[in-house]
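The values are calculated or read from the model by the stated rules, or taken from the named source; none is laboratory data. Treat the numbers as computed from the prediction; the structure is a model and nothing was measured. Neighbour counts run over all protein chains shown; Cβ positions are idealised from the backbone, glycine included. Accessible surface areas use protein heavy atoms only, side chains included; no ligands, DNA or RNA. Shrake-Rupley method; radii C 1.70, N 1.55, O 1.52, S 1.80 Å.
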Amino acid sequence: MSSSSAERPLRVGVIGVGWAGQQHLAAYHDLPDSEIAAIAGLEADVLEETGARYGVDRLLPRWEHLVELEELDAVSVCVPTFLHAPITLAALERGLHVLTEKPMARNAAEADAMVAAAREAGRVLSVSFQRRGRGDVRKLKAILDAGRLGKPYYAKGYWMRRTGIPTMGSWFTRAELAGGGPLVDIGVHVLDYALFLLGGPKVTAVSAATYNLLGSAGFGSDPGSGKSGAVDPSTFEVEDLATVFVRLEGDATLLLEVSWAAHRDATDEYGITLFGTQGGAELRVINHAPSGSLRLFTDDDGVPAETRLVSPPGSGHHFVVEGFLEAIRSGDAAAHDGADAAEVTRVIDACYRSASERREITL
Ligand SMILES: NC(=O)c1ccc[n+]([C@@H]2O[C@H](COP(=O)([O-])OP(=O)(O)OC[C@H]3O[C@@H](n4cnc5c(N)ncnc54)[C@H](O)[C@@H]3O)[C@@H](O)[C@H]2O)c1
C-alpha cells in the first residue's frame, strides 16, 4: 500500500468490468474520497471503453498484475466467486484494503481464511451487501427498532424469478466456479437483509431442500444477462430453487425461498414478510424498483389498520463503497474484518449440507 494517504483521496483498483465492476467504478468515480487508479478485466474492448469513460489508463488484463501496483490503497473484487478468496488473500498480503462482491466466497473455509488474513494484515475487508442500504429496508429497520411491530417472531424472506438464470453456461451455473446456485447468489442477499432487519440474531439450525429440475432441462436462462465466460449453454450444475427453514436464537424463525427459474409470473421479485406481536410488515420489490411497496399491518382498537409507506430510494453500490471508504478512514480495521459475512457463508454451507443429507443441521 502506498504511504501518506491521509491527505489525498484513496487510490483504488477495480478488478472485473462486468455488471458488478461497473457499479463499483461508478461509485468510486462519484465519491470525493476515492480515485480510480487501475482497472483489470479480461474483455479488452470493455476494459478500453471503461478506462476511457473514467479517464484511467492503467488497464490490465489480469488481477495478478493489478494487486502488484505500488500506488494502490485498496481494491474492489468484482469477478466470478471462485476468484474472491485468492484475490483477497493476495491483496491483503500486499497491505491493501479489500471490498469484495457477494457472495464473500464459495464456502466458509475460504471466507474464514479471508477474515484471518484481514486480521493478520490489519486491513479492512468488506462485502457488498447493498440491499441493506435501500430506503425501504432502512425504513422498515427503523420501524422495527422503534418497537412499532412489537417482537418479531416469524418472517419469510424471498427472491423469486421466472427466467432469471444469469446466462446458462456462464460461470454462475458451474458449481466449481460459483459455489452454488441462487442460494449462494441471491439467497445470500436475502439472508443478509433479513438478519439485519431482525437485529442480527444468530442462526441456530437450518433445514433445506434444493432442486435442479428446470435449469438442467434448459429452462430459465435470462436472455438479457450477458455474463462472462459462457461456455456450453447446456451446463447447469447448480440448484435452480432452494427453500430453507431457519431457526434463530430467541425462537424466531425465518423461511427463505429463492429461485432463478420457476413457473411463476414473469417478474423478478424479492422482499420479506414479517410478523411481530404488535404488527406485521410486507416489503415487495418488483423488477428492481428503486423504491419497493412497504406496508404495515396493525390493529387499531380492534380495527385492522394498513399503512403504506413510500420510502426514498437507496443509493445502490454507492452505499457499500462509501461505507468501505469510511471504514478505511476510521482506522479501525478490526471492526471491519468480514466476520459477519463469513457467518452468512457458514449458514449457506449448512443449508447445502442439510439439503444433501435431508436433515436439519445445527450450527
Ligand atoms: N451485489 C450485487 O447485487 C451483485 C450483482 C451482480 C453480481 N455480483 C457479484 O459480482 C461478481 C461478478 O459478477 P458479474 O455479474 O459482474 O459477472 P460478469 O461475468 O459479468 O463479470 C465478471 C468480470 O470478471 C472478470 N474476470 C474474470 N476472471 C478474471 C481475471 N483472471 N482477472 C481479471 N478479471 C477477471 C471478467 O473479465 C469480467 O469482467 C460475482 O461475485 C457476483 O456474485 C453482485
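Data table
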quantity: Qualifying residue in the range 144-163 (condition: assigned to a strand (DSSP E or B), buried (at least 21 other Cβ atoms within 10 Å of the Cβ), within 12 Å of the ligand (Cβ to nearest atom) and touching a residue at least 12 places away in the same chain (Cβ under 8 Å)); calculated: yes
quantity: Some residue of the range 230-243 being open to solvent by less than 20 Å² (accessible area, probe 1.4 Å), charged (D, E, K, R) and out of contact with any Cys (no Cβ under 8 Å at 6 or more places or on another chain); calculated: yes
quantity: Filter result (buried (at least 22 other Cβ atoms within 10 Å of the Cβ) and within 24 Å of the chain's Cα centre (by Cα)) within the range 37-54; calculated: A38, I39, A40, G41
quantity: Residues located in the range 174-216, provided they are within 14 Å of the ligand (Cβ to nearest atom) and polar (S, T, N, Q); calculated: none
quantity: Residue identified as within 16 Å of the ligand (Cβ to nearest atom) and open to solvent by 10 Å² or more (accessible area, probe 1.4 Å) among E71, E120, E101; calculated: E101
quantity: Members of the range 293-328 found to be closer than 30 Å to S5 by Cα and open to solvent by 90 Å² or more (accessible area, probe 1.4 Å), listed by number; calculated: E326
quantity: Any hit, the range 275-287, residues being open to solvent by 10 Å² or more (accessible area, probe 1.4 Å) and either over 20 Å from R148 (Cβ atoms) or at pLDDT below 95 (or both); calculated: yes
quantity: Subset tally (residues that are assigned to a helix (DSSP H, G or I), within 18 Å of R247 (Cα to Cα) and not acidic (D, E)) for the range 190-233; calculated: 7
quantity: Residues located in the range 123-141, provided they are of a type in the set (A, V, I, L, M), assigned to a helix (DSSP H, G or I) and away from the ligand (no atom under 16 Å from the Cβ); calculated: L140
quantity: Residues being of a type in the set (F, W, Y) and free of Cβ contacts under 8 Å to residues at least 60 places away in the same chain - total across the range 58-99; calculated: 1
quantity: Residues that are crowded, with 19+ Cβ neighbours inside 10 Å, touching a Leu at 6+ places or on another chain (Cβ under 9 Å) and of a type in the set (A, V, I, L, M), drawn from the range 166-181; calculated: none
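Rundown of residues vs (1) free of Cβ contacts under 8 Å to residues at least 40 places away in the same chain; (2) among the aliphatic types (A, V, I, L, M); (3) in a helix (DSSP H, G or I), yes/no style:
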| site | (1), (2), (3) |
| --- | --- |
| E257 | no, no, no |
| R264 | no, no, no |
| S315 | no, no, no |
| H318 | no, no, yes |
| R329 | no, no, yes |
| V344 | no, yes, yes |
